Amino acid sequence: MEFNTAGDAASKIKEVLQKSGMEPTLVRRATIVSFELELNIIIHAYFGRLRAVIKENCLEIAAKDRGPGIPDIELAMQEGYSTAPPFVKEMGFGAGMGLPNIKKNSDILVVRSRCGAGTFVYSLLKR
Amino acid sequence: MGAYYHSVRLLEEKCKGCTNCIKRCPTEAIRVRQGKAVIIEERCVDCGECIRVCPNHAKVAVADDLTVLKSFPKNIALPAPALLGQFGRSTDEAHILGALLELGFDDVVEVAVAADMVSEVISQYLQSGKGPRPAISSACPAVVRLMQVRFPSLLDNIVPFEPPMEIAARLARESFGFGEVGVHFITPCPAKITAVKQPVSYKGPLLLDGAIPISAIYGEMMKRLNSARPFTPRATSRGIGWGRSGGEGLAIQGSSVLSVDGIHNVIAVLEEVERGRLSGVDYIEAQACTGGCVGGCLTVQNPFVGRTILKHKASEASGRKALLSSEALADMYRTSFFDMSVKITPRPVMRLDTDIKVALAKVNQMEQVAKELPGLDCGACGSPNCKALAEDIVQGRASELDCIFKLREKVQGLAEAMVEVARQLPPPVASRAETEKGERRDG
Ligand SMILES: Nc1ncnc2c1ncn2[C@@H]1O[C@H](COP(=O)(O)OP(=O)(O)OP(=O)(O)O)[C@@H](O)[C@H]1O
Ligand code: SF4
Ligand SMILES: [Mg+2]
């Protein structure tokens with residue numbers, strides 16, 4: 001787990017959004033979504049990519065990883081559900097709030113996963 | 001001067017065009033162009049980092065001095081709590097405040113007294129559960145302006161009360177009125193000077209007439225400390241503590257407080273808040289200077305020494321009774337006495353264009369340009385890093401050849417082209433000497 005680079009991708013997305021002149025509330029929502037997606041890749045998967053596409057009236061963020069996948073997506077979406085190991089919890093993560101927060105801040109959210117293969121999350125944020 | 005007032009300025013004749021300040025600036029507001037630093041006005045938050053870091057003392061704070069007292073028949077001094085941390089441990093508060101009177105002030109309103117009140121008001125506000133959490137202190141104007149530029153989505157988290165300096169000014173105006181009376185802040189920093197001249201959360205006639213640096217009067221105060229007529233201090237330890245990091249946190253009661261100092265540390269904490277990852281914190285005390293206001297770049301004492309002295313001064317004042325009871329303050333809290341009169345609005349100066357389509361195109365262009373740059377962030381081009389140069393190029397403020405590596409490539413390319421051209425030249429015509437030699441041999 002590469003914790004020392006955690007947040008780099010989210011920071012970069014924030015910076016680009018600010019340079020594009022996106023509204024502060026959208027930037028904030030996008031920051032939360034991308035940071036949580038980034039962390040989930042770091043904590044739960046082996047490796048992955050975060051991609052953001054800025055359009056005039058919306059923003060798309062997609063996270064794709066190779067990893068164990070999520071066996072029960074509905075369960076994973078519930079507040080407080082987490083399989084994070086204890087040492088991750090000690091660092092203040094693993095409260096099972098990531099996916100619920102991503103959902104709260106997205107206008108469209110798609111989660112697909114194949115056990116043993118990986119996970120794909122797509123989030124669309126309208127301006 | 002443009003739309004923004006700034007206390008922080010450049011002394012061109014002293015600037016050597018080095019890269020110290022451009023690298024340190026938290027909002028990337030400085031460039032070196034034609035061998036001199038240039039401050040981008042819209043971005044500067046007057047934090048004073050560049051003043052601290054400049055080895056040539058080319059960055060200065062423009063401020064008032066004691067001559068401003070001549071403009072008014074009567075003058076009131078509003079000393080920042082940090083002033084008390086500037087003198088020796090044994091120098092008592094009464095003599096420090098008294099020395100201000102010796103300098104020509106007619107009265108003193110301690111900002112620490114206002115801080116006493118604000119502490120109580122914020123404590124009550126936090127207990128009322130109003131407003132988004134974590135609430136963020138409004139005390140450091142450099143932090144507030146940093147947020148306008150870099151963290152606009154967190155502006156609503158700032159407590160809706162004026163900081164102690166402004167409250168002290170309101171108290172002074174209530175007692176002494178406007179017009180014939182000059183009210184002057186004794187400041188630890190340029191950020192507060194800018195706040196005096198151009199407040200962000202207040203509209204109306206300016207409440208303060210001057211801002212005089214602690215460093216500008218320190219020497220004169222030292223001379224008068226012993227002979228000064230003591231002035232009875234009225235602030236309690238709660239308010240005095242605001243002059244150092246952690247002190248404000250102690251003063252806010254009944255809530256969990258995070259204290260952070262140093263502008264780059266403040267940025268790191270605000271990033272956490274923005275990501276929604278900071279839990280269990282009700283209030284953030286954030287100060288741009290290391291050590292808090294005792295570390296302001298217009299103070300004299302070493303910040304860490306100043307902190308210890310101020311702690312001591314606060315403990316000496318612990319027996320004092322606050323000027324206003326918490327009941328009286330609760331009544332004032334219900335009026336608008338402590339409130340900011342206008343909302344703090346974002347300063348969207350990071351965007352590349354006001355037209356989002358154009359801005360997006362520029363972001364793409366910037367990424368392309370950045371890919372071609374070496375990524376060494378050396379600063380020799382005059383921009384703080386390669387990405388900033390890419391932005392400057394896209395904005396038409398710089399060219400790719402400002403990058404010394406790009407320039408070298410170009411020169412190398414040109415040199416190679418020259419050699420190539422030289423190789424293709426027709427063979428030289430034999431010189432006359434050689435022709436003559438040849439003729440002799442023939443003959
Ligand atoms: N990319 C992923 N790959 C595999 N499993 C995942 C992935 N993302 C989430 N999960 C699973 O879903 C659970 C819930 O995720 P969520 O982000 O809501 O909480 P968390 O990451 O455990 O804790 P928190 O986000 O609060 O730090 C995780 O504990 C994990 O079991
Ligand atoms: S911490 Fe204090 S001294 Fe430093 S900039 Fe902020 S208000 Fe000024
Ligand atoms: Mg998570």
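The values are calculated or read from the model by the stated rules, or taken from the named source; none is laboratory data. Note that the structure is a prediction, hence the values are computed from the model and not measured. Cβ coordinates were reconstructed from backbone atoms using ideal geometry, including for glycine residues, and neighbour counts include every protein chain displayed. Side chains are part of the model used for accessible areas, which takes the heavy atoms of the whole protein and leaves out ligands, DNA and RNA. Shrake-Rupley method; radii C 1.70, N 1.55, O 1.52, S 1.80 Å.
Brief remarks follow.
- Unmet requirement for B:Leu278, which otherwise passes all of (1) within 16 Å of ligand 2 (Cβ to nearest atom); (2) open to solvent by less than 50 Å² (accessible area, probe 1.4 Å); (3) in a loop (DSSP other than H, G, I, E, B); (4) touching a residue at least 60 places away in the same chain (Cβ under 8 Å): (1)
- A:Gly96 vs. criteria part of a loop (DSSP other than H, G, I, E, B) and either within 14 Å of another protein chain (Cβ to nearest Cβ) or surrounded by 17 or more Cβ atoms within 10 Å (Cβ to Cβ) (or both): yes
- For the stretch A:2-47, the set of residues classified as more than 16 Å from the chain's Cα centre (by Cα) and not polar (S, T, N, Q) consists of A:Glu15, A:Val16, A:Leu17, A:Lys19, A:Gly21, A:Met22, A:Glu23, A:Pro24, listed by residue number.
- Lone qualifier among A:Glu90, A:Glu79 - being over 16 Å from A:Leu50 (Cβ atoms) and within 9 Å of ligand 1 (Cβ to nearest atom): A:Glu79
- Filter result (at the interface with another protein chain (Cβ under 7 Å from one of its Cβ atoms), within 25 Å of the chain's Cα centre (by Cα) and open to solvent by less than 30 Å² (accessible area, probe 1.4 Å)) within the stretch B:341-361: B:Met350, B:Leu352
- Contacts under 8 angstrom Cβ, first residue in the stretch A:38-61 being farther than 15 Å from B:Arg275 by Cβ, partner within 11 Å of ligand 1 (Cβ to nearest atom) and assigned to a helix (DSSP H, G or I), 6 or more apart: A:Phe47/A:Ile41; A:Gly48/A:Ile41
- Among the criteria (1) within 16 Å of ligand 2 (Cβ to nearest atom); (2) under 22 Å from B:Leu324 (Cβ atoms); (3) not in a strand (DSSP E or B), the one B:Val113 does not fulfil is (1).
- When the residues of the stretch B:137-157 are filtered to those that are open to solvent by less than 10 Å² (accessible area, probe 1.4 Å) and aliphatic (A, V, I, L, M), the one that is farthest from the other protein chains (Cβ to nearest Cβ) is B:Ala142.
- Residues of the stretch B:16-63 classified as of a type in the set (Ser, Thr, Tyr) and under 19 Å from B:Phe151 (Cα atoms), total: 1
- All positions within the stretch A:80-93 that are farther than 17 Å from B:Gly280 by Cβ and either part of a helix (DSSP H, G or I) or not hydroxyl-bearing (Ser, Thr, Tyr) (or both): A:Ala84, A:Pro85, A:Pro86, A:Phe87, A:Val88
- Helices (runs of 4 or more DSSP H) within the stretch B:185-255 that include 2 or more residues farther than 19 Å from B:Phe87 by Cβ: B:190-197, B:247-251
- A:Glu74 part of a helix (DSSP H, G or I), within 12 Å of ligand 1 (Cβ to nearest atom) and modelled with pLDDT of 95 or more: yes
- Boolean, B:Gln368 is open to solvent by 50 Å² or more (accessible area, probe 1.4 Å) and modelled with pLDDT of 95 or more: yes
- Selection from the stretch B:258-282 of residues that are within 13 Å of chain A (Cβ to nearest Cβ) and charged (D, E, K, R): B:Glu271, B:Glu272, B:Glu274, B:Arg275, B:Arg277
- Qualifying residue in the stretch B:288-301 (condition: within 25 Å of B:Glu49 (Cβ to Cβ), within 14 Å of another protein chain (Cβ to nearest Cβ), at pLDDT 95 or above and open to solvent by 10 Å² or more (accessible area, probe 1.4 Å)): no
- Residue match in the stretch A:16-38 (condition: more than 11 Å from chain B (Cβ to nearest Cβ), over 30 Å from B:Arg43 (Cα atoms), buried (at least 17 other Cβ atoms within 10 Å of the Cβ) and of a type outside the set (Phe, Trp, Tyr)): yes
- Yes/no for A:Ala45 being within 11 Å of ligand 1 (Cβ to nearest atom), away from chain B (no Cβ under 11 Å) and crowded, with 23+ Cβ neighbours inside 10 Å: no
- Only listed residue being more than 11 Å from chain A (Cβ to nearest Cβ) and within 24 Å of A:Asn57 (Cα to Cα), chosen from B:Gln424, B:Gln368, B:Gln412, B:Gln395: B:Gln368
- Filter result for A:Phe120 (within 12 Å of ligand 1 (Cβ to nearest atom), at pLDDT below 95 and within 15 Å of the chain's Cα centre (by Cα)): no
- Residues satisfying the stated conditions in the stretch A:4-15, i.e. more than 8 Å from every other protein chain (Cβ to nearest Cβ) and not in a helix (DSSP H, G or I): A:Ala6
- Residue in the stretch B:219-231 that is within 24 Å of B:Glu180 (Cβ to Cβ) and surrounded by fewer than 24 Cβ atoms within 10 Å (Cβ to Cβ) present: yes
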